[in-house]
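Single-structure report; data block below.
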Amino acid sequence: MKKNELKQQVTAAIQACLDKKAEEISILEMEKGSGAFTDYFVLCSGTNPRQVQAIADEVELRLKTTGVRPAHVEGYRQGEWILVDYVDFVVHVFSEKARKFYDLERLWKTAKRLEPSELTPKTRAKAEPRGKTKVKTAPRKRTPAAPRRKKS
C-alpha cells in the first residue's frame, strides 16, 4: 500500500474518533524492527461502553465508505477495549479504566508519537506564472429583500 494512501486511511479513522467525541487520541508510528506487526496504532478512549462501541462503529463505517474493511475486530461485545485491525494500522478504542490498565503508550514507548497534522500529505502550492495577473471578478449583486408587511 502506498504511504499516502495509508496516511489518508489513518486520518479518516482519527476523524471518525473525533466525530464521536473520543478522548485522549494518540497516534503511534511503530518502528521497523520493534516487533510490531503494523505501521500505526491509533489509540483513544470513550467514557462508557456504548460510546466505545459507537467510536469503533464510526471508524468501521467511515473506512467502509472508502472500500476498506477491517481484517479483524475484537472486544466489541464487552465494550472495554475494542481492537479494529486494518493490518497496516490498528485502532484501539478503550474505556478509561482499560486504557490506564493496559497503558499501550508505555508498552510501545519506542514508537514515535505523531500529531494528526503530520499524517496529512503536504501539497505544493502552484506558483503564478510571471507577467500575468489574476483576473478579479466583480462581486455578485444582491437582490433587494421583499418589503415587510405591516401588522394590523
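The values are calculated or read from the model by the stated rules, or taken from the named source; none is laboratory data. Quick caveat: nothing in here was measured; it's all calculated off a predicted structure. Cβ placement follows ideal geometry from the backbone for every residue including glycine, while neighbour counts extend to all protein chains displayed.
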Q: Would you check which residues across region 76-117 are assigned to a helix (DSSP H, G or I) and either free of Cβ contacts under 8 Å to residues at least 12 places away in the same chain or farther than 17 Å from Gln15 by Cα (or both) and list them?
A: Glu96, Lys97, Ala98, Arg99, Lys100, Phe101, Tyr102, Leu104, Glu105, Arg106, Leu107, Ser117
Q: With the condition kept exactly as written, say whether any residue in region 56-72 is farther than 18 Å from Lys7 by Cβ, out of contact with any Asp or Glu (no Cβ under 7 Å at 6 or more places or on another chain), of a type in the set (A, V, I, L, M, F, W, C) and not in a loop (DSSP other than H, G, I, E, B).
A: yes
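Considering Thr120, Thr133, Thr143, which residue is modelled with pLDDT of 65 or more, of a type in the set (Val, Ile, Thr) and not in a helix (DSSP H, G or I)?
Of the residues listed, the single one that is modelled with pLDDT of 65 or more, of a type in the set (Val, Ile, Thr) and not in a helix (DSSP H, G or I) is Thr120.
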Q. Assuming Tyr86 fulfils every condition listed in (1) over 21 Å from Lys2 (Cα atoms); (2) surrounded by 20 or more Cβ atoms within 10 Å (Cβ to Cβ) apart from one, which condition is it?
A. (1)
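Scan region 7-57 residue by residue and report those that are among the charged types (D, E, K, R) and either touching a Ser or Thr at 6+ places or on another chain (Cβ under 6 Å) or surrounded by 15 or more Cβ atoms within 10 Å (Cβ to Cβ) (or both).
Listed by number, the residues that qualify are Lys7, Lys20, Glu23, Glu24, Glu29, Glu31, Asp39, Asp57.
Within region 38-55, work out how many residues are under 13 Å from Phe89 (Cα atoms) and in contact with an Asp or Glu (Cβ under 9 Å, 6 or more places away or on another chain).
Residues of region 38-55 that are under 13 Å from Phe89 (Cα atoms), as a first pass: 38-43.
Within this subset, residues satisfying the condition of being in contact with an Asp or Glu (Cβ under 9 Å, 6 or more places away or on another chain) are 38-41, 43.
Final tally of qualifying residues: 5.
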**Q.** Whichever residue in region 71-90 is closer than 22 Å to Leu114 by Cα and of a type outside the set (Val, Ile, Thr) and, among such residues, is farthest from the chain's Cα centre (by Cα)
**A.** Trp81
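Do you know which residues across region 15-27 are over 10 Å from Phe89 (Cβ atoms) and not basic (Lys, Arg)? Working first, answer last.
Going residue by residue through region 15-27, those that are over 10 Å from Phe89 (Cβ atoms) are 15-26.
Residues satisfying the conditions are Gln15, Ala16, Cys17, Leu18, Asp19, Ala22, Glu23, Glu24, Ile25, Ser26.
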